[in-house]
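Structure, as structure tokens:
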There are 2 protein chains.
Amino acid sequence: MTGIEILGYTAGAITSLTFLPQVIKTLKEKSAKDVSMMMFIIAVVNQTMWVVYGALLSNWVIILTNAVILSMSLTMIILKLRYSAKEDEKLSF
Amino acid sequence: MTGIEILGYTAGAITSLTFLPQVIKTLKEKSAKDVSMMMFIIAVVNQTMWVVYGALLSNWVIILTNAVILSMSLTMIILKLRYSAKEDEKLSF
């Protein structure tokens with residue numbers, strides 16, 4: 001494996017974990033008022049496209065990386081809806 | 001251009017805009033208390049790796065896509081620091 005390949009795989013692995021700190025923070029603080037719902041809706045649509053793209057190419061790195069981000073984005077949407085309902089506030093996108 | 005290529009380019013273009021709604025929402029509401037700082041720090045490190053990776057491969061699609069996300073992540077860190085200072089709260093990661 002060349003240095004360039006190692007850099008690419010490492011960057012890909014970190015990409016899949018980008019949303020993790022947000023999920024943890026939101027679960028801990030039970031508030032997601034300042035978090036953009038639209039960001040995660042775009043991410044869900046986008047990651048679904050990436051998973052389909054990976055499936056069409058039979059590329060498991062693309063499928064798995066984006067499936068992880070997809071699941072975290074869906075988790076954030078659920079958390080945002082739950083905490084917004086609790087705060088009885090208008091859903092702010 | 002095949003259907004698969006079009007799907008890939010479209011997904012790539014949308015990816016670069018994922019953080020845009022968060023930047024707009026934060027600018028509008030002048031608050032980023034619930035937004036994870038760690039998410040954007042990870043994104044900055046990660047996108048820098050992607051830009052270097054794209055440069056090593058001389059791939060302008062990778063360079064440009066990730067440069068856009070990098071600039072939005074840096075913007076969010078600056079906004080988060082500015083509004084956190086104003087709210088006089090402890091920086092919550």
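The values are calculated or read from the model by the stated rules, or taken from the named source; none is laboratory data. Here the structure is a predicted model, which is why all the values come from computation and not from measurement. Reconstructed Cβ throughout: ideal geometry from the backbone, glycine too, with neighbour counts over all protein chains shown.
Kindly establish whether residue A:2 is more than 8 Å from chain B (Cβ to nearest Cβ) and within 17 Å of the chain's Cα centre (by Cα). The answer is no for residue A:2. Regarding the range B:32-42, can at least one residue be identified that is more than 10 Å from chain A (Cβ to nearest Cβ) and either modelled with pLDDT under 95 or under 17 Å from the mean Cα position of the chain (by Cα) (or both)? No, the range B:32-42 contains no residue that is more than 10 Å from chain A (Cβ to nearest Cβ) and either modelled with pLDDT under 95 or under 17 Å from the mean Cα position of the chain (by Cα) (or both). Among the residues making up the range A:43-63, those that are at the interface with chain B (Cβ under 9 Å from one of its Cβ atoms), in a helix (DSSP H, G or I) and not polar (S, T, N, Q) are A:43, A:45, A:49, A:50, A:52, A:53, A:56.
(1) in contact with a Ser or Thr (Cβ under 9 Å, 6 or more places away or on another chain); (2) within 11 Å of chain A (Cβ to nearest Cβ); (3) at pLDDT 95 or above; (4) buried (at least 16 other Cβ atoms within 10 Å of the Cβ): which one isn't true of residue B:66, the others all being true? Among (1) in contact with a Ser or Thr (Cβ under 9 Å, 6 or more places away or on another chain); (2) within 11 Å of chain A (Cβ to nearest Cβ); (3) at pLDDT 95 or above; (4) buried (at least 16 other Cβ atoms within 10 Å of the Cβ), residue B:66 violates only (3). Among the residues of the range B:15-42, write down those that are in a helix (DSSP H, G or I), touching a residue at least 12 places away in the same chain (Cβ under 8 Å) and not hydrophobic (A, V, I, L, M, F, W, C). Scanning the range B:15-42 gives B:15, B:22, B:26.
Out of A:74, A:20, A:57, which single residue is of a type in the set (A, V, I, L, M, F, W, C) and closer than 15 Å to residue B:12 by Cβ? Within the list A:74, A:20, A:57, the selection yields A:57. Each residue in the range B:50-76 was checked for being within 13 Å of the chain's Cα centre (by Cα) and of a type outside the set (Ser, Thr, Tyr), and 11 of them qualify.
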